[in-house]
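What follows is a single structure, written as structure tokens, with notes after it.
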Amino acid sequence: MISFSSKISRQQIVAYVSVRFSGGSSPYVFSNKTEHGYNKDPSNLFWEYGQETGFGARLHDLRHKFAIERLREGWSIYRVQQYIGHGSVLTTERYYLRYLTQAQQDKVKSDGNNGFR
């Protein structure tokens, strides 16, 4: 879940999305054609809309936030690896363990490969 800052409210985002996606014929969330007829990358669209609304985060930042919060909740590093889609648990460790205390790191690594509890 995204927490909203004082700069932007949930109502502002809902209003923006309602206007942005009303009346379109495309069923896709990220369907924004460029002048050349190609769809823009979703992460670029997210960044542009974030700049317009003052949100100021990248789409990939939400992925990082999700992983870090799950680890802080005590999910196994292996479970987070599966959700994030990393091919190796070492990648997950490299990117996310640095945000945890040593005690939290020990806990998330102690579950072994049975992290789907």
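The values are calculated or read from the model by the stated rules, or taken from the named source; none is laboratory data. All of these numbers come straight from a predicted model, not from anything done at the bench. Note: ideal-geometry Cβ built from the backbone for every residue, glycine included; neighbour counts use all protein chains shown.
Screening ALA57 with (1) in a helix (DSSP H, G or I); (2) modelled with pLDDT of 70 or more; (3) surrounded by 13 or more Cβ atoms within 10 Å (Cβ to Cβ) gives one miss only, at (1).
Number of residues in segment 97-108 that are surrounded by fewer than 16 Cβ atoms within 10 Å (Cβ to Cβ) and either on the phi > 0 side of the Ramachandran plot or part of a loop (DSSP other than H, G, I, E, B) (or both): the value is 1. When segment 84-114 is limited to residues that are aromatic (Phe, Trp, Tyr) and in contact with a helix residue (DSSP H, G or I) (Cβ under 7 Å, 6 or more places away or on another chain), the one that is farthest from LEU62 (Cα to Cα) turns out to be TYR99. Of all residues in segment 66-96, exactly one satisfies the criterion of being among the charged types (D, E, K, R) and assigned to a loop (DSSP other than H, G, I, E, B), namely GLU73. Checked against the criterion of being within 27 Å of TRP47 (Cβ to Cβ), surrounded by 14 or more Cβ atoms within 10 Å (Cβ to Cβ) and polar (S, T, N, Q), segment 62-81 has at least one qualifying residue.
Inside segment 82-96, residues that are buried (at least 17 other Cβ atoms within 10 Å of the Cβ) and over 21 Å from SER43 (Cβ atoms) make up a count of 2.
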